[in-house]
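Please read the structure below before turning to the comments.
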Amino acid sequence: MAAMIECVPNVSEGKNQNTITSLVRAIQSIPNVVLLDRHSDPDHNRSVLTFVGPPEAVGKAAFQLAKTASELIDIRQHQGVHPRIGATDVIPFVPLQDANMDDCIQVAKSVGARMSHELAIPVFLYEHAATVVPRALEDVRRGSLEGLAERMRSDPDWAPDFGKPEAHPTAGITAIGARPILVAFNVNLASDDLAVAQTIARTIRTSNGGFKHVKAMGVCLEARGIVQVSMNLTNIDETPIHTVFKAIQQHAKHNGVAIAGSEVVGLVPERALEHTGDLDLKLEQFTDQHVLERQLQALMQ
């Protein structure tokens, strides 16, 4: 069976459906690449697109997506609650069947070199692809585009891995990485009190002494009049969904706030849902199509 990798780019556009459709078509224009999922959020003003295929084809699709985003998205006009550094904010490559992390590192470096050369977008490599170790995505994205651009200007240690140390005028900067599977999981609170969501995020995230492998922030979803604890769970075997959800539920109850619902962004591996059968996660718009293995099995048929 041919090697297959996954790419889950996050693009700084979650409102303009015409732009999002053009981004999807850019991915689908590359032979042997299959788009598995698209998720757009207007408050985050962000779209997460999940596609798979052989490493070389996936790399070509990632570049084509970045090229299209650079033509259609002006990061100077971007407004959203999620931190961002570029039109194509982040491009992670994830090994799947018959592929390994080295395959993903090679693709990450190839796409980064091409983006800097052909699109004049500076690129930082992160996680397993990083040439400066350790370099986590949150380190690159700290301070959003403005903060990273200032570090590039003032600190030689923050020269990009590819390209000149200055942001593209409209497309900004892109982070490209190779990493294992993670789960993007958000819990919505039946409250408009941002301080509650921020306090819970600080309590549960790794950087503040909470759970291992949890990145979290509290954000306001103005379109819905509620707040959200937005998370990346980077090792669901050590810190599973049900553990984090129960903790958020407990802290919310302590603050007199109910859980309004939760959502998975993109796809999740089947094992992520283990031990959640007796727990009401209040998942919104979740179907079997959000389970990675179900999608891959369908491709093999």
**Asked** Can you name every residue in segment 287-301 that is within 25 Å of Pro95 (Cβ to Cβ), without any contact (Cβ under 8 Å) to a residue 40 or more places away in the chain and within 22 Å of the chain's Cα centre (by Cα)?
**Response** Asp288, Val291, Glu293, Arg294
**Prompt:** Is it the case that some residue within segment 105-123 is touching a residue at least 60 places away in the same chain (Cβ under 8 Å) and more than 22 Å from Ala171 (Cβ to Cβ)?
**Reply:** yes
**Fill in**
Checked against (1) buried (at least 20 other Cβ atoms within 10 Å of the Cβ); (2) without any contact (Cβ under 8 Å) to a residue 60 or more places away in the chain, Lys212 satisfies every condition except (1)
**Every residue from segment 269-301 that is farther than 22 Å from Val33 by Cα, hydrophobic (A, V, I, L, M, F, W, C) and assigned to a helix (DSSP H, G or I)** = Ala272, Leu273
**Request:** Scan (1) in a loop (DSSP other than H, G, I, E, B); (2) of a type in the set (A, V, I, L, M); (3) out of contact with any Gly (no Cβ under 6 Å at 6 or more places or on another chain) for the single condition Ala129 breaks and write down its number.
**Result:** (3)
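Quick grid of which residues meet (1) among the β-branched types (Val, Ile, Thr); (2) at pLDDT below 95; (3) in a loop (DSSP other than H, G, I, E, B); (4) not assigned by TED's automatic domain parsing to the domain that holds Val81:
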| site | (1), (2), (3), (4) |
| --- | --- |
| Met152 | no, no, no, no |
| Ser191 | no, no, yes, yes |
| Arg202 | no, no, no, yes |
| Val219 | yes, no, no, yes |
| Arg224 | no, yes, yes, yes |
| Lys246 | no, no, no, yes |
| His251 | no, no, no, yes |
**Request:** Could you grab the pairs with beta carbons closer than 7 Å, sequence gap of 6+ or different chains, first residue in segment 177-197 and more than 18 Å from Asp89 (Cα to Cα) and among the charged types (D, E, K, R), second one part of a loop (DSSP other than H, G, I, E, B) and modelled with pLDDT of 95 or more?
**Result:** Asp192/Gly225
**Request:** Answer yes or no: is there a residue in segment 68-83 that is modelled with pLDDT under 95, more than 21 Å from Pro180 (Cβ to Cβ), touching a helix residue (DSSP H, G or I) at 6+ places or on another chain (Cβ under 7 Å) and of a type outside the set (A, V, I, L, M).
**Result:** yes
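Filtering segment 120-143 down to residues that are among the small types (Gly, Ala, Ser) and surrounded by fewer than 18 Cβ atoms within 10 Å (Cβ to Cβ), which residue is nearest to Ala69 (Cα to Cα)? Before the answer, list the steps.
Kept after step one, since they are among the small types (Gly, Ala, Ser), are these residues of segment 120-143: 120, 129-130, 136, 143.
Retained after the next criterion (residues that are surrounded by fewer than 18 Cβ atoms within 10 Å (Cβ to Cβ)): 120, 136, 143.
Details: Ala120: 13, Ala136: 24, Gly143: 22 Å.
The residue in question is Ala120.
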**Asked** Within segment 157-182, how many residues are crowded, with 22+ Cβ neighbours inside 10 Å and assigned to a strand (DSSP E or B)?
**Response** 6
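Give segment 273-301 a look and list any residue that's in contact with a strand residue (DSSP E or B) (Cβ under 8 Å, 6 or more places away or on another chain) and closer than 19 Å to Ile5 by Cβ, or say none.
So the first thing to find is which residues in segment 273-301 are in contact with a strand residue (DSSP E or B) (Cβ under 8 Å, 6 or more places away or on another chain), and the list is 273, 281-286, 289-292, 295-296, 299.
Answer for segment 273-301, where residues must be in contact with a strand residue (DSSP E or B) (Cβ under 8 Å, 6 or more places away or on another chain) and closer than 19 Å to Ile5 by Cβ: Val291, Leu292, Gln295, Leu296, Leu299.
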**Complete:** For segment 224-247, the count of residues that are more than 24 Å from Gln289 (Cα to Cα) and surrounded by fewer than 22 Cβ atoms within 10 Å (Cβ to Cβ) equals 6
**Message:** Tell me yes or no: at least one residue of segment 164-186 is over 27 Å from Val123 (Cα atoms) and either more than 20 Å from the chain's Cα centre (by Cα) or not charged (D, E, K, R) (or both).
**Reply:** yes
**Subset of segment 1-19 [part of a loop (DSSP other than H, G, I, E, B), out of contact with any Gly (no Cβ under 8 Å at 6 or more places or on another chain) and among the hydroxyl-bearing types (Ser, Thr, Tyr)]** = none
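Yes/no matrix, rows are residues, columns are (1) in a helix (DSSP H, G or I); (2) assigned by TED's automatic domain parsing to the domain that holds Leu125; (3) in contact (Cβ under 8 Å) with a residue 24 or more places away in the chain:
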| residue | (1), (2), (3) |
| --- | --- |
| Thr21 | yes, yes, no |
| Ile30 | no, yes, yes |
| Asp37 | no, yes, yes |
| Ser40 | no, yes, yes |
| Ala61 | yes, yes, yes |
| Ala66 | yes, yes, yes |
| Gly80 | no, yes, yes |
| Pro83 | no, yes, yes |
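The values are calculated or read from the model by the stated rules, or taken from the named source; none is laboratory data. Since the model is a prediction, treat every value here as computed from it, not as a measurement. Ideal geometry is used to build each Cβ from the backbone, glycine not excepted, and the neighbour counts take in all protein chains shown.
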